[in-house]
Amino acid sequence: MQRVLVIDDDVELCELVSEYLLPEGFLLEAVHDGVQGVSRALSGEHDFVVLDVMLPGLGGFEILRRIRAVSAIPVIMLTARGDEIDLIMGLEIGADDYLPKPFNPRELVARTRAIQRRVQALPAGEVSQRPLLAVDDVEMDVQSMTVRRFGAAVDLTSVEFGVLEILLQSAGSVVTREHLVRKALGRRLLPYDRSIDMHVSNLRRKLGAARDGSERIKTVRGVGYFYARVVGNGG
Amino acid sequence: MRLFLKIFLTFLIAMGAVITVTLAVTPTLGQGSMTARWRRLENGALGVYAQTAAEIYERDGADALDAYLIRVNGIASIHAYLFDRSGEVSHLAAPAHAVELARSGGSSGEIKFQLRPTAMWTVRQVAGPSGHEYLLVSEISKLLPAFSVSATRVLSVCAVAALICFWLARHVSRPIVQMRAAALRISEGHFSTRVGKSVGRRRDEIGDLGRDFDQMAGRLETLVAAQQRLLADISHELRSPLTRLNVALALARRASGDPAQPALDRIEREAERLNTLIGQLSMLSLMESGMIVRRRDSVALGDLVREVVDDADFEARSVHSTVRLDAPPDTSDAFTLTGDAELLRSAIENVIRNAVRYTPENGQVSVTLTRSQTTPPEAFIHVRDHGPGIPEPLLKEVFQPFYRVDPSRDRQSGGVGLGLAITEHAVHLHGGRVEAANASDGGLEVAISLPLAAS
């Protein structure tokens, strides 16, 4: 049984979602208040958090920020549909995925399962036989989920970690957006879905430019991304 | 600055005229008044000064005389020197002109005065207590400074006048310029703009205007904030029940058998349509009220169009249609503009999805992206479908909210009639145009033109 924490002020919605999720194997705890939500999320009793952006009082972003300051627990944000700013902000602060409201509960189940699968798969080494991935000045320890650049730790969310892992594994060759979405977000690429681009742009920002000043992760228009190796400096 | 120049030049010309007239008239006036002053002095004070000077000299000596004459200079601005027949008896180093006057005045024994450009000289003959004869030569100076018209004086007067005019013109025009800038900022959506700090401190009518302006801006800000809150609340409050409905629908799906599925599918579609409508309505009203604070980022329009076309093509495959893009091979740098990428994305997306909607199965939507050679350069996006087109007289109305050419078909195809209205607003916000026309061989062609950043 997976334990889910839902932080949403819509009491009736929480009841409905709880009713829906129970047969799917999720035990749901609902919290309708931000401050309480943060303390419950940090209690360590849950497997992941579903967080509404439009919360009165503390607000979804602030809650996410407080959770992320301490914990790497997977967080799915419920955003207002069509509000790109919400989406960008949420992913920037460190949400693992988002779901626009009104959402289909099947989609919620699919996304949580995908994240769960990925989080559980990582230590077992489903996609990573080598525990240490290193390209130029960036080193990734897959086992402990840490990334170092020039030896200094870089703070990544679990989704960003997954995206970077896939890119580093095939450094120098192109990874399609479809592949990235399927592997890192655990779902198929939908039209008009830009969340993978948000995660990549977060990674770019957090990793900074390569030593020769160029972008580490290059865009191949219409196809996907690739992690560029620095050429010709023996690094 | 035009108002500033107007006021400045008007006052400067007026002051120049006044100064010219004054200078033209003054010499005669000055002479008259100088003569009058001399007569007063001659009849009264100068006689007393001369008598007293002679007495002091004879009684207390030259030092006391000097002190007295200096005191007279201090009180009446008269430089006076006492002479007898052998020369100056005061020790005040009388100028050569005074000595000359004393000599000539002494010989004739008469009282005389002489007008000089900067001063008036008088010679007064008196007898001391001992009967000895003295001459008091006085220089009455600085009676009327403007009397001597030199070029530097005229220039300095004009400079002062120009300074005053400059100050006055600035004093009047600056607050107006500031208020204009504030009004412009408010019209751009910065409703917190106030002029109180600069204009409102004045205690005149312009200050009143500034305070009234701020009051108006405050009222506007409150109203806009209230409307914005209302819109956000409405879309939030309408979406909450929709969200619950969606979850309840999923529960119903699980609980019911196959016969109920088509009806449940229908409920899901209608809920989705409502949701789209709410989203588009709130976006449109935000744009119409100018409350979308436009973000000003550098937007790569070529990449954006390519992405939208890719997505639409993916979506169109479900009805076996295709969306094709015809664009120059390298679009990354050639199509850069400043604006809000998300607004532009939905503007272009709405047109293309609309075209897909009206294109029959196995049909094709073609999108072309071109760049004009004009300055400033413009980008043209043509979206052409192979649908039924629109009757010629109704072409202009497709951009009206909730406009439908054929209500029954439109509803079937899932549109809510707001997409093109959003497109038009978003394109206008970026200084562009959008037009619809029927292609010669059937189908609708929508042309968007957007001004690009000069490269």
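The values are calculated or read from the model by the stated rules, or taken from the named source; none is laboratory data. None of these values were measured; they are calculated from a predicted model. Cβ: placed from backbone, ideal geometry, glycine included. Neighbour counts: every protein chain shown.
Based on this model, can you work out whether A:ARG81 counts as among the basic types (Lys, Arg) and at pLDDT 80 or above? In short, no. Candidates in the range B:373-399 are the residues that are under 38 Å from the mean Cα position of the chain (by Cα) and touching a residue at least 60 places away in the same chain (Cβ under 8 Å); of these, the one that is surrounded by the most Cβ atoms within 10 Å (Cβ to Cβ) is B:ILE381.
For the range A:2-24, what are the residues that are assigned to a loop (DSSP other than H, G, I, E, B) and more than 22 Å from the chain's Cα centre (by Cα)? Selection gives A:ASP9, A:ASP10.
Within the range B:159-195, the residues that satisfy the criterion of being surrounded by 15 or more Cβ atoms within 10 Å (Cβ to Cβ) and either in a loop (DSSP other than H, G, I, E, B) or on the phi > 0 side of the Ramachandran plot (or both) are B:PHE191, B:THR193, B:ARG194, B:VAL195.
For the range B:299-318, the criterion of being touching a Leu at 6+ places or on another chain (Cβ under 8 Å), away from chain A (no Cβ under 14 Å) and more than 23 Å from A:GLU178 (Cα to Cα) is met by no residue.
Looking across the range B:222-259 at every residue that is at the interface with another protein chain (Cβ under 8 Å from one of its Cβ atoms) and charged (D, E, K, R), the one that is nearest to B:LEU281 (Cα to Cα) is identified as B:ARG239.
Filtering the range B:164-176 for residues that are hydroxyl-bearing (Ser, Thr, Tyr) and closer than 30 Å to A:GLU12 by Cβ leaves an empty set. For residues in the range A:13-40 being out of contact with any helix residue (DSSP H, G or I) (no Cβ under 8 Å at 6 or more places or on another chain) and free of Cβ contacts under 8 Å to residues at least 24 places away in the same chain, which is farthest from the other protein chains (Cβ to nearest Cβ)? Checked the range A:13-40; the qualifying residue farthest from the other protein chains (Cβ to nearest Cβ) is A:SER39.
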